[in-house]
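Data block below; observations after.
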Amino acid sequence: MNAPLRNSRKIFDFHGGIHPPENKTQSSGQPIRSVSLPEELVLPLNMHIGAPAKPIVNVGDQVLKGQKIADANGMVSVPVHAPTSGTVVAIGPHPIQHPSGLDAPCIIIKPDGEERWTALHPITDWHKCSPSVLITRIREAGIAGMGGAGFPTAVKMSLKEGTKIQQLLLNAVECEPYITADDRLMRERADEIVRGIKILQYLVKPAETLVGIEDNKPYAIEAMRGAAQGTDIQIVVVPTKYPSGGEKQLIQLLTGKEVPSGGIPAQIGVVCQNIGSALAMHRAIEFGEPLISRITTVTGDALSNPGNIEVLLGTPVKHLLNESGVKENRLGRVVMGGPMMGFTLHTTNIPVVKTTNCIIAASTNELPEPAPEQPCIRCGSCAEVCPADLLPQQLYWYSKTSDLERAQQYNLMDCIECGACAYVCPSNIPLVQYYRFAKGEVRTQVAEQQKADNARLRFEARQARLEKEAAEKDARRKARLAASKQKAAGVAAPSVDVKALKAASLEASSAYKAAVKELKAAQADDANNVAELSAKVDALKAKADSAKAAVRDANSGAAAPAAPSVDLKALKSASLEASSAYKAAVKAVKAAEQNGDDNVAELRAQADSLKAKADTAKAAVRDANAGTAPATVAAADPVAELKKAVGEASSAYKAAVKAAKEAEESGAEDAAALRSQADQLKATADTLKAQLRDAKDAAPAATAPAPTSAPAAAPEKDHTAERAAKMKALKTSYNMLNKMLKDSNAALERAEREGSDNLDAQRARVEDVKRQADAARNELNDLVDQAKAGIRASGSDLKTMKLEAARTESALRKKMKELDEMKKSADEERINVLYQERDLLKREADIAANALKSALEEQGLTE
Amino acid sequence: MALITVSSPHTTKKGNHTGAFMRQVIYATAPGLAALTWLFGYGTLLNVCFAVLVAVGCEALFLRARGRDVSFYLSDFSAVVTALLLALAMPPTSPWWLILIGTAFAIIIAKQLYGGLGMNPFNPAMVGYVLLLISFPVEMTRWIAPHEAPALSDSIQIFLGQTNVDAFSGATPLDTMRTWAGNAEQLSNQPILHGAFAGEGWEWVNAAFLLGGLYLMWRRIITWHIPAGVLAGLTAIALPFWLFDSVRFADPLFHLFSGAAMLGAFFIATDPVSAATSRNGRLIFGALIGVLVWVIRTFGGYPDAMAFAVLLMNLAAPTIDYYTQPRTYGHKAAHRGASK
Ligand code: SF4
Ligand code: SF4
C-alpha cells in the first residue's frame, strides 16, 4: 500500500491544520447505492452561489426528467432541471439548505415514477467545439461547484482573455471527517472523472494537471492512477490534514502559491475544480445530461445503514435517513456537510442540493451538545492551527466586542471558517460563530456603504444628465432666439448667447468628464453598474458634443459681426480643450497598455476621435482668425441708431429734470431755465421715440429680403420670435395704457369733485387713452391667436415639451403608487430604492414642467 | 424530535479544555516540588497546600460576589495554578500569614478585580510575589541552606511562625554571588557556588523544573517559544560578560540553573494570559525576560529577578503582539503595528 502513496512531486505545506478523528470507515466500505423515489422532490431555486434561478414552469405542468424548469438569472446563476418526470405541484417557499433555517422559493415536483427523459443532446466531438460552446453547455447543465460552495462552474471556467493557466487542480482531498463521497466516486467512476478532467484541460489549457488526494484514500489513489495512465494528469498524494481540501490550502499544498487576499486562483494561474464537478461536466457534454443527481455520504451513529447514495437533487433528507435505517430516538443532530464546516438542520424536510456532499445523522453521544464557553486564556492553540495564519484569539476578542475595524485589521475577512481554531480551543469558544457574526456585520456595513455610494452616484449622474439636458435645451432655445433676433433686427449682438452656449457646453463636457471618471472607478472596482455607467457616459458625451456643436454653430452663425474676438476666444479655448482631452486620452491609452487592461483598443479609438475633434477645433480657430479681419461692424442700422439716440435723449432728459429739481430746491435762479431745457429735451426724446416706433414697423420689411451672413434658422421661426417680441412690446404698452387710463380716470374724478373747468378736456383724454388701450389689447389678442395657430401648425417643440411634462408626471404618479404598495410589504431595501427613484422622477417632472412653462412664457402665452 | 442546531464545527478535540490544561501544569510542577522538598524540607509543601486553600477560597468568594457560577469557574483550576506557582517561588521558611497575604492579593487584586481568568494583564502569582518582596524583604529572602532541611515538625513550627527561622537559614547561590562578585578568592571559597554543575543544590531544583517544563512541551500545553526565548536571552547576555570578566560575572550555566530561572522560563513566563501570543512575539517576550533577569540579578538590588522581569514584560506584551502579527495567507506582508 505504501508504494502508490509516494509522489514524484514536491508537496508544500500550509500553516497549522488539525487531525480530527476521520470517521470515514462507516461509509467508505459499501459501494454507491441508490434509494427509492421520494414522494416529492423539492428543488430550491438557489442551490448555488449567486442569483436564484427563474422558474419557467407553472404549477400543474408535466415535466420530463432532465427538463429545464428554471432558468439562470444573470451571469452568476445556473438553471435548475427536473430530476425525474412528474408534475409540478407547487412553486413557493420551503425550508432549504441554508444555515439561517429560513424558507426560500422552491419548485416542488411530484414524481410520476416513469423516469421519462427529455431529449438529450450529447456533444461527442467536443474537442472540435469552441470552448465557449462547451462553457455554455456546462452552464445550461446547471453545474455548480459540488465540493461545497456551489459556485457556478461555468463562471469559474470563463477565464479573462489572456489568462495563462499553469495548473489545473482537481480537488479530491476530501479532508473533512465522515465524508467519503469523492472517495467512492473515484473508486467506482475514475474513468468518467478522467474524461471530465480532459474536458477541463481542453477548456483552460493548463501547463500541468494535478489531482490532489489525501493519503487516507489508497483505493481511490490507485483507481485514479489507473485511469490517468497514459494521460498527462498527475495524481498527487497529500498528507492527511484538515483543511487540505480548502481550495486555498490545496493550491498552497500543490503549487506553493498563495491566492492573494480577496483575489481568485486564476490570478496566480490556477484553476481548481472538484472532481464531482469534473464528472458532471463529462455527463453534461458527452451525454447531454444536466446535473440532476449527486453522490452524498449519509452517515452517523443514528443510522444502521450508512453509506454513499446517488441522490436525485431535491430528495428530502428525511427520505435518505429513512432509507438508511435511522433510529429516531438516537438522533441528536443532523448536519449537512462535514462536521467541521457543515451546518445543522432544524428539520429533515430540507432537500439535498447540488452542494450536499454529506449528511451526518449523529447521536448525542457522537456529537454532543457543545460544552459551556470558558474565558479565552490566550493560549494560542488556535493560532497554532489556523491555516490562514491568523490570530484567532485576537479576532475573537474584536469580534466579541464588535470592534470591526480592528477585527479587519487582523484580517478577519481572510478567515475561511474552517473551524480548526474552535476545534482546538480549550475554552470551548465557538470561535467560528463569532467570526461569522462579525463578517456578516462587516458585509452589511460594506453593502450599506456600497448602496449609499451607488445611490449617490446614480443620483448624481442622473442629476448631471438632467441639468445638462435642461442647459442644453436652454442653449438651443437661446441659440434660436439669437439667430432669429439677429436676423429680425439685423443687429448683431450674439456674444451673450454664445457665452451662454459656451457655458452650457463647458458644463456638459465637465459632466461628461466626471462621468468618465466615475466609470473608470467603477471598472477598477469591478462594480456591477459598469454597463449602466458607460451608457451614461456615452449619452453625456453625445450631449457635450452637441453642446459644443451648438457653440460652433452659434459662433459661425454670429459670423463675428459684433464681437468676433469673443467667438475667436471661445474657439481657441475649445480647441485647447480638445487637444488637452486628446493628450489625456493618449496618456490613458499608454497607462492601459502598460497595465495590460483589456479596454486599450476602446481607449485608443476614443483618443483617435478626440484627435479628430482637436484637429477640427484647430481648423475652426484658423478659419475664424481668417474671417475676423474682414468682419467689420455691420452696416449701420437705423433702428439701432435710433434706439441709441432715444436712450441718450431720455437719459439727458432725466439728468435735466434732476438738475432742475435740485435747482428749485436750493432756490437757484436758473431753475426756470433748467426746467425749460428739460422740457425741450423731453420733446426731443418723444420725437425720437416716435421715429423709433416707425423705424421698427418698417424694419421687418426692410430686413427680410436683406441677406444676412447667418445660416438662418427657418423663416417661420423668425416669424415666431418676431411675433414674440412684438407681443411683449404690446403687452407692456397695453399695461402702460391701462395704468394711464386709471390715472386719468382718477384725475377726472378729482376734477369733477373739485368742479374744475377743463372737465371736458379731461374726459376726452380718458376716452383717448381708453381707445388706445383697447386697440393694444385687440392687437395683442390677435397676436396670441396667431402664435397659438403657429404653434399648432409647426409647434414641435412645445408639443414635445408638453408630452415630456405629461409623461414625467404620469411616471411620477405611477412610482408613487408603487411606493405606497411597497410600503405595505416592508421590504426596506426596495422601499429605499423606490424613494430614490421617486425623487428622481419628481425632479424630472419639475424640470419638464419648468421647461414647458418657460417656453410658453417665451411665446407669451401664459394666461 | 428536537434537533440540536449549532454553529460549526460540530466536533472538538476530546479532553481538550482549560481545566485539563491547568491540571497538566500542576502535574508538571511535581519534580520541582519534590526537589525543593528534598533540599529544603517540607516548608514548600506546606506553603503550596496552604496557598491553594487560600486561593480557592478567595476565588470562590469573589466568583460568588461577581455572580458567577462558582463550581464551573473553579473547575478551570487557574486559581490552583496561581497559588502553586506563587508558593513554589516563595522561600520554604515563609510563615502562613505571608502566604495568605500574597495569595489573596494575587487572586483578588491581580486577577478577579481585573475580570477574572483571561482578563488579567499581569501574571497574578508574580504580582503577589512582588508585593511580598517589597513589603517583607527580610522574610522573602530567607532561604535554607541546601541539604540542611529542617524536620517536618520544625517546618510546621516555622510555618506557624513559632520558631526563630534564623537557625536554619542560609544564603542562596545568587546571594553569595552578589556578595562576592569581583572577589576571586572568596568566590572560589564558597562551596555553595560549586555544586555539580552550577550553584549547590539549586542546580537540581532547576533541573527538576526543566524536566517538568519539557513534559509540558511534550504534552503541547506550552510551545517552545517563550522558554527558549528566556533561556536564550539569559545565555546570550550572560555569556559575553562572563567571557569578558569571569570574576565579576557569573557563567551562563550558573544563571540558567539558579534561583527561579527554570520555574520562570517554563511555568511563569508561559502564563498565556499575560504573555505575548504570536509566535515571534513569544520569542521576543521570552528573550527580553531572560535579558532583564540577568540585568536585575547582576546590577539590581534584589537577589532574584524573575518576578520583576515577567511583570515588566507583561506590560510590554500587547505592544509586542501588535508588532509581531504573522503574515496572513494571501497577504504580501504582515500588518506591522499601526500601519494600515
Ligand atoms: S484556543 Fe481558545 S482559549 Fe486559546 S487563545 Fe484561542 S480562543 Fe483563546
Ligand atoms: S476558522 Fe478562521 S480563524 Fe479559525 S482556524 Fe479557520 S481560518 Fe483560522
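Where the convex hull is taken over the Cα atoms of chain B, what is its projected area averaged over directions, in nm²?
Averaged projected hull area, Cα only: 21.4 nm².
At 7 Å along Cα-to-Cβ for each site, give me the label-to-label distance between A:Y219 and B:L100 in nm.
The modelled label-to-label distance comes out at 7.1 nm.
How large is the convex hull of the Cα atoms of the stretch A:27-102 per residue, expressed in Å³ as a whole number? Please report the intermediate quantities before stating the final value.
Numbers: hull volume 10.5 nm³, N = 76.
Given the Cα convex hull of the stretch A:27-102, per-residue volume reads 138 Å³.
Please compute the average number of Cβ atoms from other chains found within 10 Å of each residue's Cβ in peptide B:12-23. Display every interim value, and only then the final one.
Details: counts 15, 11, 2, 1, 7, 7, 9, 3, 1, 5, 2, 0.
The mean count of partner-chain Cβ atoms within 10 Å per residue comes to 5.
Could you work out the relative contact order of the stretch B:215-340, using alpha carbon pairs under 8 angstrom and six or more residues apart, expressed as a whole percent?
That works out to 27 percent.
Which of the three applies to the stretch B:160-221, rounded, prolate or oblate, going by the alpha-carbon gyration tensor with a ≥ b ≥ c and a/c under 1.5 meaning rounded?
Details: a/c = 3.21, a/b = 1.37, b/c = 2.34.
It comes out oblate by the Cα gyration axes.
Hey, got a sec? Which trypsin sites (Lys or Arg not before Pro) in the stretch B:16-76 land in a DSSP loop and have at most 16 other Cβ atoms within 10 Å?
For trypsin sites (Lys or Arg not before Pro) across the stretch B:16-76 that sit outside H, G, I, E and B with at most 16 neighbouring Cβ atoms in 10 Å, the list reads B:R66, B:R68.
Out of the trypsin sites (Lys or Arg not before Pro) in the stretch B:132-239, which ones are loop residues according to DSSP with at most 13 other C-beta atoms within 10 Å?
Qualifying residues, ordered by number: B:R220.
In a shell of Cβ-Cβ distance under 12 Å around A:Q393, excluding A:Q393 itself, what net charge do Lys and Arg (+1) and Asp and Glu (-1) give?
0
Given a Förster distance of 30 angstrom, what is the FRET efficiency for B:W224 paired with B:R66, based on the Cβ-Cβ distance and rounded to 0.05?
Working: r = 36 Å, r/R0 = 1.19.
Computed FRET efficiency for B:W224 and B:R66 comes out at 0.25.
Which one, B:L256, B:F197, B:L243, projects farthest toward the positive side of the charge dipole computed for the stretch B:172-324 from Cβ point charges (K/R +1, D/E -1)?
Of the options given, the answer is B:L256.
Extending each Cα 7 Å along its Cβ direction at B:A151 and A:K54, get the distance between those two points in nm, one decimal.
10.0 nm
If a/c stays under 1.5 just call it rounded; otherwise compare a/b with b/c (prolate if a/b is bigger, oblate if not). Do that for the stretch A:3-134, with a ≥ b ≥ c from the square roots of the Cα gyration tensor eigenvalues.
Values: a/c = 1.76, a/b = 1.51, b/c = 1.17.
Taking the square roots of the gyration eigenvalues as a ≥ b ≥ c, the stretch A:3-134 is prolate.
Run lengths n ≥ 4 of DSSP H only: what is the helix-derived mean residue ellipticity at 222 nm for chain B, with -39500 (n - 2.57) per run over all residues, to the nearest 500?
Values: 16 runs with 191 residues, N = 340.
It comes out at -17500 deg cm²/dmol, rounded to the nearest 500.
Would you tell me the mean number of C-beta atoms belonging to other protein chains that fall within 10 Å of each C-beta in B:213-223, as a whole number?
Averaged over the peptide's residues, the number is 1.
For chain B, what does the relative contact order come out to in percent, with C-alpha contacts under 8 Å and a separation of six or more?
17 percent
Which log10 I(q)/I(0) values, to two decimals, does the stretch A:396-451 give at q = 0.16, 0.17 Å⁻¹ under the Debye formula with one point per Cα?
For the requested q values the scattering log ratios are -0.46, -0.52.
Averaged over A:422-432, how many beta carbons belonging to a partner chain fall within 10 Å of each residue's beta carbon?
Taking all residues of A:422-432 together, the mean is 5.
With the cut-off at 1.5 for a/c, could you classify the stretch B:125-199 from its C-alpha gyration tensor as rounded, prolate or oblate?
oblate
So which of A:K65/A:K160; A:K451/A:K815; A:K451/B:K332; A:K54/A:K468; A:K164/B:K332; A:K478/A:K802 end up more than 27 Å apart, counting from Cα to Cα? Working shown, then result.
On the way: A:K65/A:K160 35 Å; A:K451/A:K815 20 Å; A:K451/B:K332 30 Å; A:K54/A:K468 39 Å; A:K164/B:K332 22 Å; A:K478/A:K802 19 Å.
Going by Cα-Cα distance, A:K65/A:K160; A:K451/B:K332; A:K54/A:K468 fall outside the 27 Å limit.
Cα convex hull of the stretch B:1-46: mean projected area in nm², to one decimal?
On the way: hull surface 22.0 nm².
Convex hull of Cα atoms, orientation-averaged projection: 5.5 nm².
Pairs A:K110/A:K814; A:K217/B:K14; A:K689/A:K742; A:K68/A:K817; A:K654/A:K739; A:K473/A:K728: which are spaced more than 30 Å apart, C-alpha to C-alpha?
A:K110/A:K814; A:K68/A:K817
Cα convex hull of the stretch B:17-170: how many Å³ per residue?
99 Å³
Read-outs: derived from the displayed coordinates by stated rules, not from any lab. Everything numeric here is computed off the predicted structure, so don't read it as measured data. Note: ideal-geometry Cβ built from the backbone for every residue, glycine included; neighbour counts use all protein chains shown.
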